[in-house]
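Just below is one structure, and these are the notes that go with it.
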Amino acid sequence: MAISFDGIGGSQSIAVIGLGYVGLPLSVALGRKNHTIGFDINRQRIAQLQDGVDVTREVNAEELAEAEHLEFTGDLIAIRECTVYIATVPTPVTSHKQPDLQPLISASSMIGEVLKRGDLVIFESTVYPGATEEICVPVLEEKSGLRINTDFSVGYSPERINPGDKSHRLENIRKVTAGSNDEAAQVVDDLYSGIITAGTHRASSIPVAEAAKVIENTQRDVNIALINELALIFNRLDIDTREVLDAAASKWNFLSFEPGLVGGHCIGVDPYYLTYKADEIGYHPRVILSGREINDGMGPYVGEQVIKLMTMKRIHVVGAKILVMGFTFKENCPDIRNSRVIDIVDTLNQYNANVEVCDPWIDIEQAKKEHRVNFVKYPPEDFYDAVVVAVSHKQFVEAGLESIRKFLKPLHVVYDVKGILPKGGVDGRL
């Protein structure tokens with residue numbers, strides 16, 4: 001292996017393939033010390049970054065400027081002289097909840113076209129155990145005509161980015177690393193050790209690292225599912241779930257989770273990669289899939305609860321104006337991928353209500369291209385029969401209940417999914 005990162009000083013050129021929430025922060029961190037080329041097939045994204053603009057809001061203009069060894073390109077030929085290629089493309093699921101590996105296969109194919117002897121390819125995308133060596137490596141070999149561990153090596157270091165989180169950043173989250181052989185594993189670990197102040201954990205193999213990543217979010221998904229199921233039970237018992245959780249949290253070893261919608265491109269997706277692999281080897285996972293079923297049902301449940309509360313107040317549902325506040329999959333983040341707020345909207349629409357959605361964090365025009373939803377600006381300029389606070393954006397928290405009431409009719413329903421409003425001022429909450 002010709003590559004060495006002892007005391008990283010920039011002698012190697014690194015290409016980061018995919019400049020989303022994962023790839024861009026990684027490119028910036030690497031670009032402070034090493035010649036780094038950020039590559040993306042989205043030419044508009046490249047143009048924005050070259051102008052110092054990150055629409056994901058993960059990296060600001062000052063941080064981009066500090067990465068003095070970083071450049072951006074949409075031309076594959078521009079990265080052919082690099083010696084390290086890091087793939088950070090998304091790994092979503094299909095409408096049938098099956099792994100969609102096409103972005104990863106496409107990235108592997110592109111890298112294979114420029115791969116040379118002595119190069120190293122690192123994958124950061126979340127996959128099921130074995131996918132890197134079973135899916136990606138054959139593509140690299142076919143496209144390049146080279147052989148793994150003879151001509152080139154492969155590494156795996158799963159991303160741990162938390163979109164919108166300004167406290168837990170790339171540099172202060174410990175990084176798991178692994179390689180296709182001992183030498184590659186050491187090179188991968190050295191590379192990340194140079195930018196991760198929190199340190200690294202070198203796994204014994206790529207499948208171990210893949211499994212570690214996929215269970216991180218599976219564990220959270222199952223725990224949230226338990227709390228969501230408790231919320232369904234306590235609602236029938238007319239007990240406030242959040243008060244129960246506050247009381248239980250007085251015990252030192254009680255795990256803190258809250259009820260809510262589970263979407264996004266991690267927690268709501270990753271478990272399906274593990275269950276897919278489990279089914280492939282003849283084991284049908286029960287706990288994981290049960291948790292997924294509960295969490296996927298929370299959006300429709302909220303919608304039904306709002307309709308029930310409106311009916312109890314004799315508010316005519318058909319034609320009623322309902323405002324849903326928030327559409328991203330989490331607070332203070334513009335990412336709408338796999339947002340389960342859409343499930344609330346769809347459920348309310350089934351009752352022929354007039355549903356509008358406001359979210360100060362999203363690009364409305366872009367959101368309209370992806371969803372058939374009536375988006376309005378925040379604050380809205382109308383009066384509503386009901387409002388659903390679906391995402392705890394800081395703007396909503398700071399506005400408070402009284403500001404929200406200003407665009408409500410005298411007879412109305414307020415439903416608080418996130419528990420950010422005073423309990424006594426809302427008609428329902430998870």
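Per-structure values
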quantity: Hits in the stretch 104-117 (condition: open to solvent by 20 Å² or more (accessible area, probe 1.4 Å) and either closer than 11 Å to Tyr156 by Cα or in contact (Cβ under 8 Å) with a residue 60 or more places away in the chain (or both)); calculated: Met110
quantity: Selected residue (only one of Val302, Val287 is β-branched (Val, Ile, Thr), modelled with pLDDT of 95 or more and farther than 14 Å from Val414 by Cβ); calculated: Val287
quantity: Unmet criterion (only one of (1) assigned to a strand (DSSP E or B); (2) open to solvent by 30 Å² or more (accessible area, probe 1.4 Å)) for Glu356; calculated: (2)
quantity: Those helices (runs of 4 or more DSSP H) lying entirely in the stretch 267-349 with at least 3 residues open to solvent by less than 50 Å² (accessible area, probe 1.4 Å) and over 27 Å from Asp100 (Cβ atoms); calculated: 298-312
quantity: Condition check for Arg220: over 30 Å from Pro285 (Cα atoms) and either within 22 Å of the chain's Cα centre (by Cα) or at pLDDT below 95 (or both); calculated: no
quantity: Pairs with Cβ under 8 Å, 6+ apart, first in the stretch 238-261 and over 22 Å from Asp296 (Cα atoms), second among the hydroxyl-bearing types (Ser, Thr, Tyr); calculated: Ala249/Ser256
quantity: Only listed residue being free of Cβ contacts under 8 Å to residues at least 12 places away in the same chain and more than 29 Å from the chain's Cα centre (by Cα), chosen from Arg372, Arg405; calculated: Arg405
quantity: Residue list for the stretch 394-411, filter: surrounded by fewer than 21 Cβ atoms within 10 Å (Cβ to Cβ) and more than 17 Å from Cys333 (Cα to Cα); calculated: Ala399, Gly400, Leu401, Glu402, Ser403, Arg405, Lys406, Phe407, Leu408, Lys409, Pro410, Leu411
quantity: Count of residues meeting criterion [outside any helix (DSSP H, G or I), out of contact with any Gly (no Cβ under 7 Å at 6 or more places or on another chain), farther than 25 Å from Gly194 by Cα and not acidic (Asp, Glu)] in the stretch 29-55; calculated: 3
quantity: Options Val176, Val127: the member that is modelled with pLDDT of 95 or more and assigned to a loop (DSSP other than H, G, I, E, B); calculated: Val127
quantity: Contacts under 7 angstrom Cβ, first residue in the stretch 413-430 being free of Cβ contacts under 8 Å to residues at least 40 places away in the same chain, partner among the basic types (Lys, Arg), 6 or more apart; calculated: Asp416/Arg429
quantity: Residue check for Phe254: more than 18 Å from the chain's Cα centre (by Cα), hydrophobic (A, V, I, L, M, F, W, C) and surrounded by 14 or more Cβ atoms within 10 Å (Cβ to Cβ); calculated: no
quantity: Of all residues in the stretch 65-78 being outside any strand (DSSP E or B) and among the acidic types (Asp, Glu), the one that is surrounded by the most Cβ atoms within 10 Å (Cβ to Cβ); calculated: Glu66
quantity: Any hit, the stretch 199-212, residues being polar (S, T, N, Q), at pLDDT below 95 and closer than 22 Å to Val89 by Cα; calculated: no
quantity: Some residue of the stretch 119-136 being more than 24 Å from Val208 (Cα to Cα), surrounded by fewer than 24 Cβ atoms within 10 Å (Cβ to Cβ) and not β-branched (Val, Ile, Thr); calculated: no
quantity: Tally of residues being of a type in the set (A, V, I, L, M) and within 30 Å of Ala67 (Cβ to Cβ) across the stretch 215-247; calculated: 0
quantity: Subset tally (residues that are closer than 17 Å to Val214 by Cβ, hydrophobic (A, V, I, L, M, F, W, C) and not in a loop (DSSP other than H, G, I, E, B)) for the stretch 79-113; calculated: 3
quantity: Options Leu140, Leu146; residue that is open to solvent by less than 20 Å² (accessible area, probe 1.4 Å), over 24 Å from Arg337 (Cβ atoms) and outside any loop (DSSP other than H, G, I, E, B); calculated: Leu140
quantity: Selection within the stretch 359-375 - among the basic types (Lys, Arg) and either in a loop (DSSP other than H, G, I, E, B) or crowded, with 21+ Cβ neighbours inside 10 Å (or both); calculated: Arg372
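The values are calculated or read from the model by the stated rules, or taken from the named source; none is laboratory data. Keep in mind that what you see is a predicted model, and the values were worked out from it rather than measured. Positions of Cβ are backbone-derived with ideal geometry, glycine not excepted, and every protein chain shown enters the neighbour counts. Remember, those area values only see protein heavy atoms, side chains included, never the ligands or the DNA or RNA. Shrake-Rupley method; radii C 1.70, N 1.55, O 1.52, S 1.80 Å.
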